[in-house]
Amino acid sequence: MEGLKVDGRMKVKTLREEFKNTYGFCLRVYNTQNHFVDDDLLLCNVRQDADASKSGDSSINPLWTIDEFEKNFMETYGIKVQVYTPDDTKLADNDIKLFWGE
């Protein structure tokens, strides 16, 4: 299984939609004040630091746990994300994998 491709020029809205379609989970994206980020912003404009190296392309490994994904996204993009259950009512368990079966 191939992971979801992420690009720094991707809109937050696109990332959230593709994440939901690919993994079934809801994704919330936050700024430095822990407020939701505007869906129309580009990921490269959401970064929480000035490190320009954190705006490239990458893939989300479907075998990562939720915890691994959230940490990797912060390391790669400097953006805080939280994965929520498919109905978007509570945080997903950090120990489960993004891809949990067909």
Check on N34, open to solvent by 20 Å² or more (accessible area, probe 1.4 Å) and at pLDDT below 95: yes
Among residues of segment 19-40, those that are part of a loop (DSSP other than H, G, I, E, B) and free of Cβ contacts under 8 Å to residues at least 60 places away in the same chain, counted: 9
Hits in segment 83-93 (condition: loosely packed, with under 11 Cβ neighbours inside 10 Å and among the β-branched types (V, I, T)): T89
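Rundown of residues vs (1) open to solvent by less than 20 Å² (accessible area, probe 1.4 Å); (2) part of a loop (DSSP other than H, G, I, E, B); (3) at pLDDT 95 or above, yes/no style:
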{"position": "Q48", "(1), (2), (3)": "no, yes, no"}
{"position": "F69", "(1), (2), (3)": "yes, no, yes"}
{"position": "T76", "(1), (2), (3)": "no, no, no"}
{"position": "V81", "(1), (2), (3)": "yes, no, yes"}
Among residues of segment 6-20, those that are modelled with pLDDT of 95 or more and open to solvent by 20 Å² or more (accessible area, probe 1.4 Å), counted: 7
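The values are calculated or read from the model by the stated rules, or taken from the named source; none is laboratory data. Treat the numbers as computed from the prediction; the structure is a model and nothing was measured. All Cβ positions, even for glycine, are placed from backbone atoms using ideal geometry, and neighbour counts span all protein chains on display. Side chains are part of the model used for accessible areas, which takes the heavy atoms of the whole protein and leaves out ligands, DNA and RNA. Shrake-Rupley method; radii C 1.70, N 1.55, O 1.52, S 1.80 Å.
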